[in-house]
């Protein structure tokens with residue numbers, strides 16, 4: 001449905017990789033797709049929010065999927081709170097406890113079951129790597145061989161689970177941004193969160209000083225996150241390292257331009273460790 005809304009008259013309150021968030025009224029926001037390549041992801045995300053409405057995890061309620069200036073737009077609840085990332089920035093000394101909280105929330109997520117059509121994790125990874133222009137064909141084939149050895153799994157994988165996508169309102173923790181969600185091996189989602197915590201790519205709207213602080217905090221909480229996750233689920237370090245490689249390669253397709261050089265270096269680092277028989281330590285050196 002096309003609707004006549006003038007975005008220039010609304011306040012923009014957040015920017016993400018695939019969408020911009022506008023204040024619609026006191027109780028609702030608009031999640032507007034940024035680029036044509038994001039249109040299908042926003043439509044997919046709307047369907048997932050609808051499925052998650054009856055699950056045990058907290059997500060904002062969605063109302064309609066409309067088009068504004070040709071861009072798919074989700075009309076959804078406005079969560080009157082701040083992100084977990086903002087909480088960490090305000091109190092860096094509490095970052096360790098927030099890392100544990102994040103891990104426990106992630107454990108709840110990967111153990112959540114929903115019905116309906118959901119993208120397959122391995123197929124999503126293969127597609128992104130196949131169409132990445134940042135990886136040489138020979139390297140792609142080596143990564144595909146590794147991907148073929150990984151388990152399929154049946155866990156809910158958020159695809160972009162990090163403190164910036166957790167909105168805190170009172171005691172509730174709302175998980176947002178489901179456009180990259182898939183179903184597969186839980187190691188895949190843990191690996192991607194670990195990458196995001198560990199290397200913290202610089203978002204376009206974030207200045208270098210803030211990103212440096214994010215990186216410092218990220219490196220300090222990634223270990224606490226992984227330790228807590230390992231305490232609540234069975235983690236195989238070789239499988240985790242292989243999924244980290246796969247996620248790094250996948251991000252060369254859909255990640256930020258600012259991180260591409262670092263991602264290529266991380267791919268090369270895996271194969272150096274593999275030749276040394278130390279690839280199960282990959283998670284330690286990224």
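Read-outs: derived from the displayed coordinates by stated rules, not from any lab. Here the structure is a predicted model, which means the values were calculated and not measured. Every residue, glycine among them, receives a Cβ derived from its backbone with ideal geometry; neighbour counts consider all protein chains shown.
Tabulated data for the structure shown
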{"item": "Relative contact order of the stretch 82-285, defined on C-alpha pairs under 8 angstrom at six or more residues apart (%)", "result": "27"}
{"item": "GNM top mover of 73, 119, 181 - the chain, alpha-carbon springs below 10 Å", "result": "119"}
{"item": "Cβ-based exposure ranking for 44, 186, 22, in which fewest neighbours within 10 Å come first", "result": "44, 22, 186"}
{"item": "Extension gain from residue 90 to residue 234, taking 0.36 nm per residue of separation minus the Cα-Cα distance", "result": "48.6 nm"}
{"item": "Cβ-derived FRET efficiency at R0 35 Å, residue 34 paired with residue 212, nearest 0.05", "result": "0.90"}
{"item": "Cα centroid separation - the stretch 201-265 against the stretch 50-84, whole Å", "result": "26"}
{"item": "DSSP-defined antiparallel bridges as percent of all bridges, the stretch 109-248, nearest 5", "result": "90"}
